[in-house]
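Here's the structure, in structure tokens; my notes come after.
All of the numbers you see were taken from the coordinates with simple rules; none came from a lab. Keep in mind it's a predicted model, so treat the numbers as computed, not measured. Cβ placement follows ideal geometry from the backbone for every residue including glycine, while neighbour counts extend to all protein chains displayed.
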Amino acid sequence: MPLTFTLDPAVTPELRDGLLDLWADVSNAGGAVGFVPPVAREDIRPSLLKHFAAMAEGDVRLLVGRDEEGRVAATAFLTRNTHRLMTHWVWLYTVMVHPRHQGKGYGRDLLAAAADAARGLEGIEAIRLTCRGGLGLERFYESCGYKEVGRIPGAIRVAPDDDRDDVIMLLPLR
Ligand SMILES: CC(C)(COP(=O)(O)OP(=O)(O)OC[C@H]1O[C@@H](n2cnc3c(N)ncnc32)[C@H](O)[C@@H]1OP(=O)(O)O)[C@@H](O)C(=O)NCCC(=O)NCCS
């Protein structure tokens, strides 16, 4: 069963808790979404609340995928730039699919839904994102049409002796 995607769903306590569970479960399974395991929901809550505040300002759009049982199963945030010369593309952040659902094509569906959402935004011509090197994620994004356009060596320190590249990926929308 494919996921059902919604752009900008109402922010309810159920959605907030579903996002916190998703983010924590993905992080604790080793996902590259800003944290390293072990992480608790309460460690993640401030980051999520920052996203909610930016959503209320209109700079961030939330894309949520739910499984057939209605659980929050995938998400991504589309963020507009505040720089006046960079308003023609958006950032994509926090791309994640719940570990129980990974490897079923849902990640690709999520990025297709994100591209559709970005195309629906006035004046947006590209999606840019960064990913952590060393996990094969470049291959995932390439399978979704993105191209690697830059790489900052060792910019991400996941542990004292474990630096990873910060890889910049781009999807032109036209
Ligand atoms: C990365 C992620 C979103 C991919 O979602 P998914 O549902 O597992 O991916 P899909 O099943 O849609 O896979 C699409 C393609 O990408 C490949 N792929 C998926 N994850 C990959 C990975 N980590 N490394 C290399 N290739 C990967 C798949 O093999 C598939 O290729 P194929 O069609 O040639 O078989 C998901 O694994 C995830 O949430 N990971 C943890 C969080 C994370 O690290 N997010 C990235 C933030 S930059």
Study note, to complete from the structure: Calc'd 3J(HN,Hα), segment 141-146, phi into Karplus 6.51 cos²θ - 1.76 cosθ + 1.60 (θ = phi - 60°), Hz, glycine/Pro = x, comes to 5, 4, 5, 9, x, 6
Check your understanding: What length, rounded to one decimal in nm, is gained on full extension from ASP162 through to GLU125, with 0.36 nm per residue of separation minus their alpha-carbon distance?
Key -> 9.8 nm
Exercise for review: Return the calculated 222 nm mean residue ellipticity for the chain, to the nearest 500 deg cm²/dmol, obtained by summing -39500 (n - 2.57) across DSSP H runs with n ≥ 4 and dividing by the residue count.
Suggested key: -10000 deg cm²/dmol
Check your understanding: If each of ALA112 and LEU173 carries a label point 7 Å out from its Cα toward its Cβ, how far apart are those two points in nm?
Key -> 1.8 nm
Point to revise | Residues whose placed amide H lies under 5 Å from that of ARG151, excluding near-sequence neighbours | key: ILE168
Exercise for review: Note the full-extension length gain between ALA56 and THR87 as 0.36 nm times their separation in residues minus their Cα-Cα distance, in nm to one decimal.
Suggested key: 9.3 nm
Revision key, fill the gap. Rg/Rh of segment 4-124 (Cα atoms, Kirkwood Rh), to two decimals, equals 0.95
Review point. With r defined as the distance between the Cβ atoms of GLU69 and ARG45 and R0 fixed at 30 Å, what FRET efficiency is calculated, to the nearest 0.05?
Key: 0.80
Review point. In terms of modelled amide H atoms, which long-range or inter-chain residues lie less than 5 Å from the amide H of ALA126?
Key: VAL90, LEU173
Check your understanding: Contour minus end-to-end for ARG151 and ASP21, with contour as 0.36 nm per residue of separation and end-to-end as the Cα-Cα distance?
Key -> 43.7 nm
Review point. For the chain, modelled as a GNM with alpha-carbon contacts under 10 angstrom, which of ARG132, ARG84, ARG157 fluctuates the most?
Key: ARG84
